[in-house]
Amino acid sequence: HLEHNRETPMTDTTLLPLVNKPGRYLGHEYNAAIKNWQEVDLRCALIFPDLYEVGMSHQGLQILYHILNSRESLLAERCYCPDLDLEKLLRSSNCPLTSLESGHPLADFDLLGITLPYELCYTNILTIFDLAGIPFLAADRGVSFPIILGGGSCSMNPEPVADFFDAILLGDGEEAILDITEVLIKAKKSQADRLSILKELAGIDGVYVPSLFRPEYDDVGHFLSITALDDEKKQVMRRVLANLDSIDHLKHPIVPNARIIHDRLAIEIARGCTRGCRFCQAGITYRPVRERSPETIMELATSGIHNSGFEELALLSLSTGDYSCLDRVLPSLMNIFADNYVSVAMPSMRVGTLTPAIMDQIKRVRKTGFTLAPEAGSERLRRVINKGITEEDLLSTCRNAFALGWKVMKFYFMIGLPSETAEDIDGIIELVRKAKQEGDKGGRGRREINVSVGTFVPKPHTPFQWEQQISIEESKATITRLRQKMPKGCTLKWHDPKQSFLEGVFSRGDRRLAALLQAAWAKGARLDGWSDHYNLSIWQEAATEISLDLNDYLRARQDQEILPWQHLQTGVDNRFLMEERAKALAETYTPDCRYHDCQGCGLCDFETIQPIVQDRERFVHPSTDTPPPQEPRQDKRDRPAHEETHIKYLVNYSRTGRICFLGHLEILRLIFRALRRAGITTNFTKGFNPTPKVSFGPALPVGTESLAEFFIMDIPEPLASTTATLRLLNEKLPPGLKVEEIVIHAGKIPADILATYRLTFDRPLTAVEQNQANLFMAEEEYVVQNIRKGQIREVNIRPLIRAVDILGEDTVDLQVVSLSGQPGIKPLEAIQSIFAMDEETTLRATIMKTTWSALENR
């Protein structure tokens with residue numbers, strides 16, 4: 001493990017010019033918590049073992065972040081896995097991995113809470129440990145190291161990574177995390193030894209301490225049993241949050257600086273699903289269904305949008321369409337947000353729940369996407385998996401969506417499901433063909449079907465946990481069959497079968513896989529969830545080295561075989577899983593216990609743990625009365641353009657500090673959201689995807705600070721006070737952006753601009769370099785090559801550079817012309833070419849735009 005130089009944390013901006021997408025590492029996002037390190041009893045780092053854009057899309061980590069920071073005695077900061085370029089830089093510069101908020105090394109925290117979101121991120125955990133200077137194995141860590149806590153979707157079979165963790169939280173964390181921190185605060189004050197701490201943690205409901213359990217294997221290496229070293233706790237039961245309506249920690253979401261995968265306000269309207277799909281792990285491990293009340297959802301939505309400025313709100317659950325009050329909540333949300341161009345998305349919709357009324361509400365602002373998951377192509381196989389939908393359900397949904405203006409439908413199918421035949425695969429083709437025909441009816445124009453396919457992976461704690469997973473070759477053969485027969489106008493995408501293979505290995509794995517993880521990581525396995533980084537051969541070589549048969553993990557399990565996760569309880573009886581497996585073979589339907597009789601899974605005690613359905617009667621005893629017709633509502637966006645008022649203001653602002661490492665589009669998004677948070681309503685463009693009518697000056701290169709930026713906003717009514725608006729807007733901007741002036745303006749952006757940039761190098765300029773400036777200014781033509789969007793082009797930059805003034809031994813002023821519609825030159829590219837500098841010296845220079853002015857004549 002690395003010996004680290006603690007004087008230069010990862011957040012040091014000297015590394016940021018050298019990495020791809022530096023916005024991942026800036027921190028200081030709006031609503032991020034900055035607390036005094038010295039004034040708390042316990043310091044926690046919450047870590048998501050994947051890139052920032054994935055981790056910031058994960059709501060679970062944010063929930064715990066805000067809960068912890070709501071307590072005066074606690075501090076929580078965040079860290080995400082670095083990409084390969086930053087990992088290399090941290091090693092070469094001997095820098096530790098640090099938190100985003102304060103830049104403290106991870107090893108300095110008391111508790112590291114690591115999310116276990118999916119199996120292919122496990123090597124990233126080792127990367128984080130190594131860069132933090134923390135030994136991989138819990139057994140090798142003494143009292144001076146942080147307690148390592150795991151939790152998340154994969155926690156119900158954490159055995160492949162169990163040796164790396166001190167403790168793992170099973171189930172819901174909202175209440176448990178405070179129980180855990182209370183134990184750790186007491187232990188810290190009493191200077192308890194590590195074993196005592198672990199035993200105290202093991203006494204908390206839902207907390208699993210792997211070192212207090214010992215696995216045993218037979219001569220072949222198959223898992224035989226696991227022995228509890230503490231007779232009082234032979235099994236660990238998942239923690240279940242009885243009610244979701246506590247919301248204080250969800251009203252101020254962190255607003256990302258850089259673009260993330262799900263860049264929106266997410267509201268979990270329900271947790272759990274009891275539709276009973278037999279392949280679905282979440283349907284077991286998140287039971288029972290607990291719906292939030294409509295009032296709570298409305299409060300979360302209004303507070304969340306007001307405090308974040310997001311332009312999209314996503315209603316999340318395992319099946320959003322099953323929320324019992326959706327027909328009331330969705331129109332209410334749209335009535336509040338449509339006039340402000342905030343759209344509502346429901347990315348997880350079950351076929352049959354996406355009604356025309358719901359679609360009609362969704363499209364009021366923009367037609368956000370949704371994915372329908374038939375899972376299987378044939379009626380027979382859908383009965384096996386207990387999907388509970390028919391072909392007509394799917395086709396009716398497509399018919400309605402296309403009629404309401406959607407041009408693209410997205411379907412998701414699994415291949416390799418138990419009992420699957422060639423006819424079931426052909427059923428996928430036939431179903432897609434019929435859906436495409438629905439889109440082609442009535443002369444609606446071009447309609448597309450996007451089909452996504454993934455290989456079925458048997459998951460622990462499901463009725464299919466005993467089933468075999470098909471091989472890579474079988475997956476590829478099925479995908480080839482689908483590609484060859486997919487109808488025209490339909491696009492097929494698939495999850496890489498090689499990645500599904502490794503997911504299957506770890507899904508039902510045991511502790512022997514810890515050695516595999518270390519061996520593969522040492523050989524270079526990184527970011528395996530990203531197809532451009534994943535390399536199966538590394539894993540196969542590592543498995544050979546430690547004599548581990550990976551294919552054996554994909555085999556079927558015997559009914560009475562002891563499974564590696566059987567000491568970890570979801571609350572659902574094993575008997576229930578076996579019965580569901582038998583029903584699958586018999587193609588027998590199991591109804592949803594939300595609206596039918598209890599199916600006897602064993603979880604609910606109907607005192608503290610029970611389903612919470614806000615409007616159960618609507619489904620159990622549906623009304624036969626025709627609902628009264630709603631008054632037609634005209635949204636502001638439907639007004640004709642000639643009825644709009646347009647008043648324009650020029651806003652001059654500065655961009656200093658690390659925020660300069662964001663790209664132009666990211667800065668635009670931050671400003672749009674700050675305007676929304678400040679309550680400044682702009683006019684919007686018309687069309688499919690309305691955007692604020694705000695015009696910006698020329699894009700600054702990433703890494704360039706500026707004292708002279710501007711945008712022009714087009715608003716429907718005059719500002720009451722430009723001084724008050726300036727002050728309010730500065731309160732709503734993230735650190736580094738500051739409005740300097742707001743003035744009324746004619747509204748026209750100058751087409752051609754002259755800007756001055758000041759460059760300061762980390763070393764003195766040589767005499768040769770200083771002379772190069774004079775030689776350049778004496779030239780009439782100076783052609784350079786640059787690359788834009790992967791294309792090499794030649795540009796004569798001499799007319800674009802008005803002056804190169806050397807102000808001191810390490811400082812240069814550069815006057816650059818930006819001409820509308822013509823190729824330009826970035827200041828650093830110009831300097832590198834003019835001075836014949838090496839790239840790293842140029843990248844390490846600081847650059848500040850100091851002035852701009854409009855060019856009247858070229």
- Degrees, to the nearest 10: 59-69 long Cα axis against longest axis of the chain: 80 degrees
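Could you calculate the contour length gain from E72 to L178, that is, 0.36 nm times the residue separation minus the distance between their Cα atoms, to one decimal place in nm? Before the final figure, lay out each step's value.
Numbers: separation 106, 0.36 × 106 = 38.16 nm, distance 1.24 nm.
Result: 36.9 nm gained on full extension.
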- Item | At most 12 other Cβ within 10 Å, DSSP loop - trypsin sites (Lys or Arg not before Pro), the range 440-488 | R446, K488
- Query: At what distance in nm do the modelled label points of S303 and L241 sit from each other, each positioned 7 Å from its Cα along Cα→Cβ?
  - Reply: 1.3 nm
- Item | Positive-end residue of S419, T285, I185, charge dipole of the chain with Cβ unit charges | S419
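Using a Förster radius of 45 Å, what is the FRET efficiency between H664 and D559 based on their Cβ-Cβ separation? Nearest 0.05, please.
Values: r = 60 Å, r/R0 = 1.33.
Working from the Cβ atoms, E equals 0.15.
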- Would you work out which of Q468, V453, V505 lies farthest towards the positive end of the dipole of the range 426-515, given +1 charges on the beta-carbon of Lys and Arg and -1 on that of Asp and Glu, about the Cα centre? V453
- Item | Coordinate range along principal axes, alpha carbons of the range 148-231, Å, largest first | 47, 27, 22
- Query: How many angstrom separate the Cα center of the range 422-438 from the Cα center of the range 800-823?
  - Reply: 61 Å
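For a quick check of your reading of the filter: which chymotrypsin sites (Phe, Trp or Tyr not before Pro) in the range 333-374 sit in a DSSP loop and have no more than 15 other Cβ atoms within 10 Å? Could the numbers behind the result be given before it?
Numbers: sites: F337, Y341, F370; in loops: Y341, F370.
Within the range 333-374, no chymotrypsin sites (Phe, Trp or Tyr not before Pro) qualify (loop, at most 15 other Cβ atoms within 10 Å).
By how many nm would the segment from D532 to T371 lengthen if fully extended, with 0.36 nm per residue of separation less the alpha-carbon distance?
Details: separation 161, 0.36 × 161 = 57.96 nm, distance 2.44 nm.
Here the segment from D532 to T371 would lengthen by 55.5 nm.
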- Reachable lysines, given that their alpha-carbon falls under 19 Å from the alpha-carbon of K523 and they are not under 8 places away in the same chain: K88, K498
- Label T544 and S820 with points 7 Å out from Cα along Cα→Cβ: what is the distance between them in nm? 6.3 nm
- Share of antiparallel DSSP beta bridges in the range 98-175, in percent to the nearest 5? 10 percent
- Any chance you could check the Cα centroid distance between the range 266-337 and the range 711-735 for me, in angstrom? 33 Å
- Query: For the range 502-572, taking Cα atoms only, what is the radius of gyration to one decimal and the Dmax to the nearest whole Å?
  - Reply: 13.8, 40
- Set the Förster radius R0 to 56 Å, insert the Cβ-Cβ distance between R481 and L855 as r into 1/(1 + (r/R0)^6), and round the FRET efficiency to 0.05. 0.35
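Helix-only mean residue ellipticity at 222 nm, the chain, DSSP H runs n ≥ 4 weighted -39,500 (n - 2.57), per residue, nearest 500. What is it?
Working: 24 runs with 249 residues, N = 858.
Only helices count here, giving -8500 deg cm²/dmol.
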- Message: Could you compute how fast the chain diffuses translationally, taking Rh as the Kirkwood radius over C-alpha pairs and applying Stokes-Einstein at 37 °C with viscosity 0.692 mPa s? Give it in µm² per second.
- Response: 110 µm²/s
- Query: Using mean Cβ contacts within 10 Å as the protection proxy, how do 142-149, 114-121, 32-39 order, highest first?
  - Reply: 114-121, 142-149, 32-39
- Message: Just to confirm the number: angle between the C-alpha axis of helix 767-778 and the first principal axis of the chain, 0 to 90 degrees, nearest 10?
- Response: 70 degrees
- What FRET efficiency, computed as 1/(1 + (r/R0)^6) with R0 = 51 Å and r the Cβ-Cβ distance, is obtained for D615 and S419, rounded to the nearest 0.05? 0.90
- Message: Whole-Hz ³J(HN,Hα) for each residue in the range 98-114, computed from phi via Karplus 6.51 cos²θ - 1.76 cosθ + 1.60 with θ = phi - 60°, x for glycine and proline: what do you get?
- Response: 10, 6, 6, 5, 10, x, 6, x, 4, 5, 7, 7, 7, 9, 10, x, 10
- Query: Using the Karplus equation 6.51 cos²θ - 1.76 cosθ + 1.60 (θ = phi - 60°), what ³J(HN,Hα) coupling, rounded to whole Hz, does each residue of the range 661-678 give in order, writing x for Gly and Pro?
  - Reply: 8, 8, x, 4, 5, 5, 5, 4, 5, 4, 6, 4, 6, 5, 4, 5, 4, 7
- Query: Which far-off residues, 5 or more places away or on another chain, put their amide H under 5 Å from the one on T455, with H placed in the peptide plane?
  - Reply: I415, H495
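At 1.4 Å probe size, with every protein chain present, just tell me what the per residue accessible area of the chain comes to in Å². Let's see the in-between values first.
Values: 35880 Å² over 858 residues.
Result: 42 Å² of accessible area for each residue.
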- R78's amide H: which non-local residues (gap 5+, or another chain) put their own amide H closer than 5 Å, with H modeled 1.01 Å from N in plane and none for Pro or chain starts? L46, L100, E101
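Hey, could you get me the Stokes-Einstein D for the range 248-315, Kirkwood radius over alpha-carbon pairs, 20 °C and 1.002 mPa s, rounded to whole µm² s⁻¹?
Details: Rh = 13.6 Å.
Diffusion coefficient, whole number: 158 µm²/s.
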- Task: Residues in the range 312-354, backbone N under 16 Å from the label point at K363 (7 Å along the Cα-to-beta-carbon vector): list them, ranges by number please.
- Result: 344-346, 354
- the range 566-583 - phi-based ³J(HN,Hα) in whole Hz, Karplus 6.51/-1.76/1.60, Gly and Pro as x: 6, 7, 10, 10, 7, x, 8, 5, 4, 4, 4, 4, 5, 5, 5, 5, 5, 5
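Can you tell me the convex hull volume per residue for the range 382-484, based on C-alpha atoms, in Å³ to the nearest whole number?
Details: hull volume 11.3 nm³, N = 103.
For the range 382-484, the hull spanned by Cα atoms encloses 110 Å³ per residue.
Dipole magnitude of the chain about its Cα centre, charges +1 at Lys/Arg Cβ and -1 at Asp/Glu Cβ only, in debye to the nearest 20? Present the calculation step by step, with values, prior to reporting the outcome.
On the way: 98 positive and 116 negative charges, 512 e Å.
For this selection, approximately 2460 debye.
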- Label-point separation (nm) for K686 and D140, each offset 7 Å from Cα along Cα-to-Cβ? 6.6 nm
- Message: Quick check on the chain: of the DSSP beta bridges with both residues there, what percent are antiparallel, nearest 5%?
- Response: 55 percent
- Item | Segment L807-D248, extension gain: residue separation times 0.36 nm, minus the distance between their alpha carbons | 195.8 nm
- Taking only Cα atoms, what is the 0 to 90° angle, nearest 10, from helix 176-190's long axis to the longest principal axis of the chain? 80 degrees
- If amide H atoms are modeled at 1.01 Å from N in the peptide plane, then the residues at a separation of 5 or more from V289, or on another chain, having amide H under 5 Å from its own are I612
- Find which of A854, A525, G27 sits farthest along the positive direction of the dipole of the chain, computed with +1 on the beta-carbon of Lys and Arg, -1 on that of Asp and Glu, about the Cα centre. A854
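Counting only protein heavy atoms and a 1.4 Å probe, tell me what percentage of the range 529-614's accessible area is made up of carbon and sulfur. Show your work: numbers first, answer last.
Details: 2190 of 4560 Å².
Reported share for carbon and sulfur atoms: 48 percent.
The values are calculated or read from the model by the stated rules, or taken from the named source; none is laboratory data. None of these values were measured; they are calculated from a predicted model. Here Cβ is always computed from backbone atoms with ideal geometry, including for glycine, and neighbour counts include all displayed protein chains. The protein model used for the area step is the full one, side chains on, heavy atoms only, and it has no ligands, DNA or RNA in it. Shrake-Rupley method; radii C 1.70, N 1.55, O 1.52, S 1.80 Å.
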